[in-house]
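> Got a structure for you, questions after.
The values are calculated or read from the model by the stated rules, or taken from the named source; none is laboratory data. Because the structure is predicted, anything quoted here is derived from the model rather than measured. FYI the Cβ positions are ideal-geometry reconstructions off the backbone, even for glycines, and counts take in every protein chain you see. The accessibility values were calculated without ligands, DNA or RNA, using every heavy atom of the protein model including side chains. Shrake-Rupley method; radii C 1.70, N 1.55, O 1.52, S 1.80 Å.
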Amino acid sequence: TVGSDERHLDEEELSEELLDMVEYVPSMDDIVDSMEQFEEARDAGTGAIAMERAATIEIDGISVDVSNDRMWDEATYQASMTPVSLFQDVYEHRPDQHDDLEELYSPDVVERATDVGN
């Protein structure tokens, strides 16, 4: 409903409407996962790799798949190091925040994020 206008959408129309309203935003887990995959590919002699990140949004029983395709190369990797480096800096210098970070991201993601890029 928009103002006094009301429309009835079937499942396919609602999926299209939702898809137009959402954008894929990578999580820390996605960033670390992508960096790890690129590091493995780089070590194997591959200069760039194609990455796809995907998520499913469900509203009122309607599922919408959102994905983001990106070519990962050294420049992308270095750009992704900025938020990861900040995370690593906080983790190293603020031990009082370790529990909060693990609760926010999960212990596995925190461990992987502190290792990636080193």
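> Could you state the number of Å between the C-alpha centres of the range 91-105 and the range 35-52?
Centre-to-centre distance over Cα atoms comes out at 28 Å.
> Just to confirm the number: angle between the C-alpha axis of helix 28-43 and the first principal axis of the chain, 0 to 90 degrees, nearest 10?
50 degrees
> Non-local amide H neighbours of Met51 (under 5 Å, H modeled in plane, Pro and chain starts lacking H): which ones?
Under 5 Å from the amide H of Met51 lie the amide H atoms of Arg70, Met71, Trp72, each far enough along the sequence or on another chain.
> With N denoting the number of residues in the chain, provide Rg(C-alpha) divided by 2.2 N^0.38 Å, to two decimal places.
The value comes to 1.40.
> Using Cα springs under 10 Å in a Gaussian network model of the chain, which residue among Val84, Val22, Val64 shows the largest mean-square fluctuation?
Fluctuation is largest for Val22.
> Using a 1.4 Å probe on the protein chains only, how many percent of the accessible area of the chain belongs to carbon and sulfur?
On the chain, the fraction of accessible area on carbon and sulfur atoms equals 45 percent.
> Go through the range 99-105 residue by residue and turn each phi into a ³J(HN,Hα) via Karplus (6.51, -1.76, 1.60, θ = phi - 60°); whole Hz please, and just put x for glycine and proline.
Taking θ as phi minus 60°, the curve returns 4, 5, 5, 5, 5, 6, 10 Hz for the range 99-105.
> Here is a follow-up. With a sphere of radius 14 Å drawn around the Cβ of Asp43, what net charge do the other residues whose Cβ falls strictly inside it have (Lys, Arg +1; Asp, Glu -1)?
-3
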